[in-house]
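To start, the structure itself, in structure tokens.
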Amino acid sequence: MFNSNTLARFQNIETPFYYYDLKLLKETLQACADASAKYNFHVHYAMKANFNPRVLDLIQSYGFGADCVSGGEVKAAIAHGFDKGKVVFAGVGKSDKEINEALDREIFCFNIESVQELQIINDLAKAKNKTASVAIRINPNVDAHTHHFITTGLEENKFGVNIWELPAVAEALAKCPHLKFLGIHFHIGSQITDLGVYKNLCIRVNELQLWFEERGLPIKVLNLGGGLGVDYQQPDANPICDFESYFKVFNDFLNVKPNQEVHFELGRALVAQSAALVSRVLYVKNGIKKNFLILDAGMTELIRPMLYQAYHQIENLSRGEEAGSERQGAGSRKLEPGIGSQEAGNTDSELQTPDSRLNSPGSELKYDVVGPICESTDCFRKDVDLPESFRGDLIVVRTAGAYGEVMASGYNLRERVQSVYSE
Ligand code: LLP
């Protein structure tokens, strides 16, 4: 992702910023498109993972559909060229305005999350003399074995219709002439790394298909949602993501009839590895018990570590090869000695001088890597092994392409940071 040219370029860019490697993104999209095409599976990109305009333009150019969870996402998807016939709209709290706008845009499908919503969409479609295509989002009570904050398919979660509510769904569908039943939808959680979870999901989906068919509700679309995880420990992993094995599980375990379509809604797996958050060390505090690296980026730019205790690899680009747990990744890069020195010298006279950097002892230390926000939780991680670091060093937080820029906030009246791209 980084080479000496990127580093030289970074010197002239105000930090913090999101850096997008569009070549890597294209490779990821191609790998997913190839792996899904093998089984004729349809992929919708989960817009919530990243709605950066350049990213959206690129993703739609691969022919993926869009999975949206708000009227704003539906609008953005269509504005960025996603085919409205491939737009799906999920979400437990769709407002009347959002439903009406999606009806006007004639999207492919509403993924319905409650019996009440089903009736409301029928009424709103009736008022427009339209028919809305719908799939029922079912909460299958399958454990995703992921962080409990990003688990969505257990009975305790607010998402989807519980299995015991299905008779009421069938009854309501029979009374809703302005709805066209397309099929069933599932999304059990995010950052799922155990593919056995998906096998369990397939088994449950096979049972549920039978239930609908026995009640005269044939299923055309089976939408399995998203959730495929990435390796945060190895941002340079090759392959970037094992789409082949993921889709194979569904091919092996899901009962699919010849007239049925299988759909997915991948977000993280498509975009996570293609971006990094780039920041600079503002201050170094060396203490007796703790060393702190205080960055110019914080929870306002990337909140995942603070919200989900999420691990992101942290690297000091200015110091080259780094120490310990931060350097487990396959294909880790080696920076030429002196690159960091040149960089700092170009920017700010108060920063470390090139000579002092070159002459630095190069020892490894443990740092709590923190941001500037007035919250104690504004910490990317404690006890990070890094080479001895100095004011002005470029620090990157890897695997930040999914749920990074999109979850940024203006807390502390922080300004939105810019995005920088490489082709
Ligand atoms: N479909 C539905 C209905 C969803 O709710 C989601 C994500 C996806 C698809 C895409 O899931 P993915 O393939 O990206 O795992 N902010 C959290 C993740 C929240 C995921 C919400 N739903 C994080 O930073 O880990």
Item to complete: Any chance you could run the full-extension gain for residue 62 through residue 97? It's 0.36 nm times the residue separation minus the Cα-Cα distance, nm to one decimal.
Response: 9.6 nm
Worksheet item: Peptides 404-414, 102-112, 228-238: what's the order by average Cβ count within 10 Å, highest mean first?
Response: 102-112, 228-238, 404-414
Worksheet entry | Ranked list, fewest to most other Cβ atoms within 10 Å of each Cβ, for 185, 145 | 145, 185
Discussion item. Checking the cross-link filter: which aspartates and glutamates have an alpha carbon closer than 12 Å to that of residue 38, excluding same-chain neighbours under 8 positions apart?
Written reply: 244
Worksheet item: Of 294, 184, 203, 136, how do they rank once you tally other Cβ atoms within 10 Å and put the fewest first?
Response: 203, 294, 184, 136
Discussion item. Just to be sure I understand the model, the point goes 7 Å from the Cα along the line to the Cβ. What's the resulting residue 244 to residue 420 distance in nm?
Written reply: 3.5 nm
Worksheet item: How many nm is it between the label spots at residue 143 and residue 5, if each spot is 7 Å from the Cα in line with the beta carbon?
Response: 4.9 nm
Fill in: Per-selection Kirkwood Rh - segment 225-318 (Cα, Å, 1 d.p.)
16.8 Å
Worksheet item: Which of the trypsin sites (Lys or Arg not before Pro) found in segment 177-271 are loop residues per DSSP with 16 or fewer other Cβ atoms within 10 Å of their Cβ?
Response: 215, 220
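Compute the length gained on full extension between residue 119 and residue 194: take 0.36 nm times their separation in residues and subtract their Cα-Cα distance, giving the result in nm to one decimal.
On the way: separation 75, 0.36 × 75 = 27.00 nm, distance 3.66 nm.
Residue separation times 0.36 nm, minus the Cα-Cα distance, leaves 23.3 nm.
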Worksheet item: For residue 175, which lysines qualify as cross-link partners when the Cα separation must be under 17 Å and same-chain residues fewer than eight apart are set aside?
Response: 126, 130
Worksheet entry | Pairwise label distance in nanometres, residue 382 with residue 14, each label 7 Å out on the Cα-Cβ vector | 3.5 nm
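Multiply the residue gap between residue 288 and residue 54 by 0.36 nm, knock off their C-alpha separation, and tell me the result in nm, one decimal place. List each step's numbers first, then the result.
Values: separation 234, 0.36 × 234 = 84.24 nm, distance 4.56 nm.
Taking 0.36 nm per residue and subtracting the Cα distance, the gain is 79.7 nm.
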Discussion item. Name the residue from 307, 253, 377 whose Cα lies farthest towards the positive end of the charge dipole of the chain, charges +1 on Cβ of Lys and Arg and -1 on Cβ of Asp and Glu.
Written reply: 253
Practice prompt. Rank the residues 389, 376 as a footprinting-exposure proxy: fewest other Cβ atoms within 10 Å of their Cβ go first.
Written response: 376, 389
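What's the ranking of 186-197, 8-19 by average number of surrounding C-beta atoms within 10 Å, highest first?
On the way: 186-197: 21.0, 8-19: 17.2.
The most tightly packed comes first, giving 186-197, 8-19.
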Fill in: Cα-centre dipole for the chain with unit charges at Cβ (Lys and Arg positive, Asp and Glu negative), debye to 20
680 debye
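So what is the relative contact order for the chain, in percent, with contacts set as C-alpha pairs under 8 Å and at least six apart? Show your work: numbers first, answer last.
Working: 897 pairs, mean separation 87.1, N = 423.
RCO, the chain: 21 percent.
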Worksheet item: Straight-line reach from residue 289: which lysines have a Cα under 26 Å away, not including same-chain ones fewer than 8 places off?
Response: 366, 382
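No value in this document is a laboratory result; all are computed from the given coordinates. This one's a predicted model, so the numbers in the text were calculated from it and none came from an experiment. Backbone-built Cβ (ideal geometry, glycine too); neighbour counts: all protein chains shown.
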